[in-house]
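A short write-up of the structure that comes next.
The values are calculated or read from the model by the stated rules, or taken from the named source; none is laboratory data. The structure displayed is predicted, hence computed values, not measured ones. Quick reminder, even Gly has a Cβ in these numbers, built from the backbone with ideal geometry, and neighbours come from all protein chains shown. Only protein heavy atoms, including side chains, enter the accessible area calculation; ligands, DNA and RNA are left aside. Shrake-Rupley method; radii C 1.70, N 1.55, O 1.52, S 1.80 Å.
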Amino acid sequence: MAHSQFDQFLREATYRDPESDSTLDRDAFYGLYTSWCYVSQTPRESEHIFWGAMRHRIHPRYKLRMKGPAAADYILTSYHAVV
């Protein structure tokens, strides 16, 4: 199967943390994706397409965490939205 932008997003912006008691919630996960699209200058797919692609790539037990430039962008953007 060809690697898609979704596979690249997962590699560049997330990592599995099996020791964690939590994982990214739905809003944060999609927000991280939109930040990754911005940082990587990749056209963003609709939320419907995103979740359809993720259904075949992730599982709640993966306990995904943020990493990389997209994580920093998401955190800063979220912080500025609250302030």
inquiry  = Could you put I58, I49 in order of accessible surface area, largest first, with the 1.4 Å probe and the full protein assembly present?
reply    = I49, I58
request  = Mind listing the long-range amide H neighbours of T14? Cut-off is under 5 Å, sequence gap 5 or more, other chains count too, H placed in the peptide plane at 1.01 Å from N.
outcome  = K67
note = Heavy-atom accessible area with a 1.4 angstrom probe orders E12, E19, most exposed first, as E19, E12
ask   = How large, in Å, is region 33-83 by the Kirkwood hydrodynamic radius built from its alpha-carbon pairs?
value = 12.3
key: Accessible surface ranking that places the most exposed of D25, D73 first, with a 1.4 angstrom probe   = D25, D73
Solvent exposure of region 24-83 as accessible area per residue, Å², 1.4 Å probe = 68
ask   = Once you list every other residue whose beta carbon is under 11 Å from the beta carbon of Y38, what net charge do they have if Lys and Arg are +1 and Asp and Glu are -1?
value = 0
K67/E47 FRET efficiency (R0 25 Å; Cβ-Cβ; nearest 0.05) = 0.70
ask   = Given a 1.4 Å probe and every protein chain left where it sits, what share in percent of the accessible area of region 14-83 is carbon and sulfur?
value = 54
